[in-house]
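The values are calculated or read from the model by the stated rules, or taken from the named source; none is laboratory data. Quick caveat, the model's predicted, so the values are computed rather than measured. Virtual Cβ from ideal backbone geometry, glycine too; neighbours counted across all protein chains shown.
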Amino acid sequence: MYSRLLLSAAIAFAAATGISLSAAAQGSDSRAAADEILLAQAMRYDPMRPAMPSPGAAPRPEGNPEFDGLIDGPGAEETFYMCSACHSIALVKQQRLSDARWDYLWKWMIEEQGMADGGEELRETILNYLKEHYSSQR
Ligand code: HEC
């Protein structure tokens with residue numbers, strides 16, 4: 001849903017500024033990644049900018065009270081136990097980060113903050129969960 005919003009916003013932006021995005025708008029799957037970059041550039045997208053909810057966007061779901069309000073989904077439980085060891089889950093929930101930023105933070109938490117390295121499988125589970133639900137990209 002967010003990507004559709006992003007697309008219509010980009011098209012509106014392009015219409016207003018005269019940038020041709022027709023190729024991007026009709027992009028085939030194989031060109032999807034390149035198109036995304038094009039769209040992002042056209043919108044001056046900055047992954048480090050705090051995400052602002054767009055006015056028409058549906059509010060984020062309440063989340064599971066058992067996991068301190070983390071949105072339900074595969075990986076929610078693992079994320080809760082791993083990440084609440086040192087700080088509030090609120091610190092996680094308030095984020096909208098790019099995939100690259102989540103990857104970086106995982107490493108940072110282990111190397112700089114002493115988070116246990118739970119192995120590749122746990123890493124994938126939790127990072128996939130965070131990227132799915134607490135992302136600035138989707
Ligand atoms: C070993 C302790 C520890 C664990 C476990 C831990 N963190 Fe952290 N985390 C920290 C510390 C310390 C900070 C810095 C807090 C501060 O800024 O005061 C932090 C900060 C953060 C921030 C804010 C970063 C920023 O740029 O401001 C996020 C997001 C975060 N953690 C996510 C997570 C997630 C997701 C997990 C679980 C995968 C996790 N943390 C597990 C110690 C931990």
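General remarks:
- The stretch 90-116 residues that are of a type in the set (Lys, Arg), paired with ones that are near the ligand (Cβ under 6 Å from one of its atoms) (beta carbon under 7 Å, 6 or more apart): none
- Residue that is within 10 Å of the ligand (Cβ to nearest atom) and either in the same structural domain as GLU36 (by TED's automatic domain parsing) or surrounded by 17 or more Cβ atoms within 10 Å (Cβ to Cβ) (or both), where the choices are TYR129, TYR81, TYR104: TYR129
- Among the residues making up the stretch 113-126, those that are within 8 Å of the ligand (Cβ to nearest atom) and part of a loop (DSSP other than H, G, I, E, B) are GLN113, GLY114, MET115, ALA116.
- Looking across the stretch 84-99, the residues that are assigned to a loop (DSSP other than H, G, I, E, B), within 10 Å of the ligand (Cβ to nearest atom) and under 16 Å from the mean Cα position of the chain (by Cα) come down to GLN94, GLN95.
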